[in-house]
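Data block below; observations after.
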Amino acid sequence: MPAICLDAIDRLAAANRPRQFTIMENVTDLLAASPFVTHLLVRGSFARGTSDRLSDVDLVIGITPSAFIEFVTVHDALAATRLGAIMPGWFDTIVPRMGGLGYVHLIEYDGKLYQLDLYLAPSEQIESIAAFTRGQIIYTAQANDTIPDPAVTQFIADRMAAPPTCEQLIIEMLALSWMIHKRIIRGQRFMAYAETHMLHTAARTLVRTALSPQTAFYGWYHLDTDIGTTPIGRACLRELEVLIASPPLPTHESLTEMLERILALAHRAAPHAVEGLSLSIDAYRYHLDLD
């Protein structure tokens, strides 16, 4: 029978604030019920005992190789229906490469928004991930299926290499805006600068992906000539130019302006993607206003 390490949970409960710990406990209870989940590992500030009211809940999920692809495919729906995620997870491009796939979820709990980082990994990777992250394993289960699957390795490689869709880029921009918001509160100026640059880059990639997908991989190169050949392209470039002229070290006020500008830019460049995420965007605005 699988067993949750109660001593580890008790230690974490004593070291961390109740709301985030309750979120972690809810996620643990949910995932421990799955026959395909072999490990749960807490990493980051929760594992180190240095978390605060703004800390993310960082979990690594070990999954049997035969179920890994399906688990990745359905985990967004699981996060939305059982954990309160307000939008699909952002495919995390910041997390180190550890043999799996990382996702950032924004979840609603007790009237507030929290960040839940889930790193999904085949079960055979957990030992090396635990050593690399110095995390704490809080759940283990006996797994009948632990043989590495080449199809899973290929699936992970393909997902890492796949260009993002317009919807995924909008989700990325919302997630980054939330992260920058927390950096400003904490006074983490270097991280705020880095994530603001990522936000600008995501906005540029959205414009390219929506209006000139064949040149999306060109980055900032020849942006004027690639995008500026149509009225909508020129309008998007004007919006983008104002966006990148915003302060590199944002304030709450400038971040609010950036958020409104990237949403206006997204609506102009990729209206169907914005429409598909309209409920998520409304929920995001609501919680940002409350924070």
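For residues that are more than 16 Å from ALA210 (Cβ to Cβ) and out of contact with any helix residue (DSSP H, G or I) (no Cβ under 8 Å at 6 or more places or on another chain), tally how many sit in region 225-261.
8
Out of region 174-188, which residues are in contact (Cβ under 8 Å) with a residue 40 or more places away in the chain and out of contact with any strand residue (DSSP E or B) (no Cβ under 9 Å at 6 or more places or on another chain)?
SER177, ILE180, HIS181, ILE184, ILE185, ARG186 - these are the residues of region 174-188 that are in contact (Cβ under 8 Å) with a residue 40 or more places away in the chain and out of contact with any strand residue (DSSP E or B) (no Cβ under 9 Å at 6 or more places or on another chain).
Report whether or not PHE36 is farther than 14 Å from LEU120 by Cα, in contact with an Asp or Glu (Cβ under 9 Å, 6 or more places away or on another chain), free of Cβ contacts under 8 Å to residues at least 60 places away in the same chain and aromatic (Phe, Trp, Tyr). Explain how you work it out, then say what you get.
Values: farther than 14 Å from LEU120 by Cα: no; in contact with an Asp or Glu (Cβ under 9 Å, 6 or more places away or on another chain): yes; free of Cβ contacts under 8 Å to residues at least 60 places away in the same chain: yes; aromatic (Phe, Trp, Tyr): yes.
Spelling it out, it is not the case that PHE36 is farther than 14 Å from LEU120 by Cα, in contact with an Asp or Glu (Cβ under 9 Å, 6 or more places away or on another chain), free of Cβ contacts under 8 Å to residues at least 60 places away in the same chain and aromatic (Phe, Trp, Tyr).
Consider TYR139 carefully, then state whether it is closer than 19 Å to PHE21 by Cα and in contact with a strand residue (DSSP E or B) (Cβ under 7 Å, 6 or more places away or on another chain).
Spelling it out, TYR139 is indeed closer than 19 Å to PHE21 by Cα and in contact with a strand residue (DSSP E or B) (Cβ under 7 Å, 6 or more places away or on another chain).
Look through ALA216, ALA264, ALA175, ALA192 and report the one residue that is small (Gly, Ala, Ser), within 27 Å of LEU120 (Cβ to Cβ) and in contact with a helix residue (DSSP H, G or I) (Cβ under 9 Å, 6 or more places away or on another chain).
The conditions single out ALA216.
Can you list the helices (runs of 4 or more DSSP H) found entirely within region 1-107 that contain at least 1 residues being charged (D, E, K, R) and at pLDDT 90 or above?
18-32, 65-82
If you take the residues of region 137-159 that are touching a residue at least 12 places away in the same chain (Cβ under 8 Å) and among the charged types (D, E, K, R), which of them is farthest from ALA33 (Cα to Cα)?
Only one residue fits best here, namely ARG159.
Which condition breaks for THR209 when tested against (1) surrounded by 16 or more Cβ atoms within 10 Å (Cβ to Cβ); (2) polar (S, T, N, Q); (3) farther than 17 Å from GLU172 by Cβ?
Among (1) surrounded by 16 or more Cβ atoms within 10 Å (Cβ to Cβ); (2) polar (S, T, N, Q); (3) farther than 17 Å from GLU172 by Cβ, the lone unmet condition for THR209 is (3).
Could you identify the single residue in THR209, THR215, THR205 that is free of Cβ contacts under 8 Å to residues at least 24 places away in the same chain and either part of a helix (DSSP H, G or I) or within 20 Å of HIS267 (Cα to Cα) (or both)?
Checking each option against the conditions leaves just THR215.
Looking for whichever is under 19 Å from ILE180 (Cβ atoms) and in contact (Cβ under 8 Å) with a residue 12 or more places away in the chain here; the options are LEU237, LEU263. Which one fits?
Result of the check over LEU237, LEU263: LEU263.
I'm trying to understand the selection: among the residues of region 125-152, which are surrounded by 16 or more Cβ atoms within 10 Å (Cβ to Cβ) and of a type in the set (Gly, Ala, Ser)?
ALA130, GLY135, ALA141, ALA143
Sort out which residues of region 70-90 are touching a helix residue (DSSP H, G or I) at 6+ places or on another chain (Cβ under 8 Å) and either surrounded by fewer than 17 Cβ atoms within 10 Å (Cβ to Cβ) or farther than 26 Å from PRO35 by Cβ (or both), and write them in order of number.
Step one: of region 70-90, the residues touching a helix residue (DSSP H, G or I) at 6+ places or on another chain (Cβ under 8 Å) are 72, 78, 82-83, 85-90.
If the condition is that a residue be touching a helix residue (DSSP H, G or I) at 6+ places or on another chain (Cβ under 8 Å) and either surrounded by fewer than 17 Cβ atoms within 10 Å (Cβ to Cβ) or farther than 26 Å from PRO35 by Cβ (or both), then LEU78, ARG82, ILE86, MET87, TRP90 are the ones that fit.
The values are calculated or read from the model by the stated rules, or taken from the named source; none is laboratory data. Note that the coordinates shown come from a computational prediction; the quantities given were computed from them, not determined experimentally. Note that we place each Cβ from the backbone using ideal geometry, even for glycine, and neighbour counts take in every protein chain shown.
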